[in-house]
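The values are calculated or read from the model by the stated rules, or taken from the named source; none is laboratory data. Keep in mind it's a predicted model, so treat the numbers as computed, not measured. Cβ coordinates were reconstructed from backbone atoms using ideal geometry, including for glycine residues, and neighbour counts include every protein chain displayed.
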Amino acid sequence: MSKKTNTQDQESIQDSSSKIEAIKNLIFGENIQQYGSEFEDLKKVIDKQKAALETYIEEIRGELMQAIDSLSTDVNIRITDLEDSMNEKTETLTKQKVDKKELSKMLISLGEKIGA
């Protein structure tokens, strides 16, 4: 008996669904199919645009990473050049300037030699 009841329930649901579909078709007719088609077309266009934007974003990301690497290399080269320049100037100043303590020791030593 339950199989018959189940079958009858399913048939009743199917009848209701087909009646609803029939009413929708009477009210909306061809328009619903046209709307569905237009929505599908729009979905395809949106998907294409999304894919194009994702590709563009990846290209830009690659270019930015390359620019950052280039800039980083440039900055490192400039820092190295500045360090080298500073070391050269320090070395030149050290050679040109005599240490006062060293000069005083040399003068004391010279005075002692002269006095002896």
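Brief remarks on what is shown
- Qualifying positions in the range 24-39 - surrounded by 10 or more Cβ atoms within 10 Å (Cβ to Cβ) and not polar (S, T, N, Q): Lys24, Phe28, Gly29, Ile32, Tyr35, Gly36, Glu38, Phe39
- Meets criteria (surrounded by 10 or more Cβ atoms within 10 Å (Cβ to Cβ), under 30 Å from Glu21 (Cα atoms) and among the acidic types (Asp, Glu)) for Glu83: no
- Hey, Ala67 at pLDDT 90 or above and out of contact with any Ser or Thr (no Cβ under 9 Å at 6 or more places or on another chain) or not: yes
- When the range 52-94 is filtered for residues that are under 16 Å from the mean Cα position of the chain (by Cα) and among the small types (Gly, Ala, Ser), the ones remaining, listed by number, are Gly62, Ala67.
- Residue identified as assigned to a helix (DSSP H, G or I), out of contact with any Phe, Trp or Tyr (no Cβ under 9 Å at 6 or more places or on another chain) and at pLDDT 95 or above among Glu54, Glu38, Glu11: Glu54
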